[in-house]
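Engineer: Below: one structure in structure tokens.
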């Protein structure tokens, strides 16, 4: 997801970089930090996808 967000503009750049941070934190065993960051990332992605404007013409 991070590559698609950063390279192709699927999501805003700040969300692409936060997905990189999330991917790095998930395998680390620092309590529930990785899991909580992942949950926050899912909430942000859901909000961005739900509320972004659809300015593109239909295909």
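Engineer: Scan the stretch 21-39 for residues that are part of a helix (DSSP H, G or I) and farther than 19 Å from residue 50 by Cα and report the count. Steps first, answer last, please.
Structural biologist: Keep residues of the stretch 21-39 that are part of a helix (DSSP H, G or I), which gives 21-25, 33-39.
Of the ones still in play, those that are also farther than 19 Å from residue 50 by Cα are 21-25, 33-37.
The number of residues fulfilling the criteria is 10.
Engineer: Quick check on my filter: what residues within the stretch 1-20 are more than 12 Å from residue 49 (Cβ to Cβ), modelled with pLDDT under 85 and not in a loop (DSSP other than H, G, I, E, B)? Break it down into steps so the answer makes sense when it comes.
Structural biologist: Residues of the stretch 1-20 that are more than 12 Å from residue 49 (Cβ to Cβ), as a first pass: 2-4, 6-9, 13-14, 16-20.
Still in the running and modelled with pLDDT under 85: 2-4, 6, 9.
Of everything in the stretch 1-20, those that are more than 12 Å from residue 49 (Cβ to Cβ), modelled with pLDDT under 85 and not in a loop (DSSP other than H, G, I, E, B) turn out to be 2, 3, 4, 6.
Engineer: Looking at the stretch 21-44, which of its residues are at pLDDT 90 or above and surrounded by 13 or more Cβ atoms within 10 Å (Cβ to Cβ)?
Structural biologist: The one that is at pLDDT 90 or above and surrounded by 13 or more Cβ atoms within 10 Å (Cβ to Cβ): 44.
The values are calculated or read from the model by the stated rules, or taken from the named source; none is laboratory data. All figures in this text were calculated on a predicted structure; none of them were measured in a lab. Note that each Cβ is placed from the backbone with ideal geometry, even for glycine, and that neighbours are counted across all protein chains shown.
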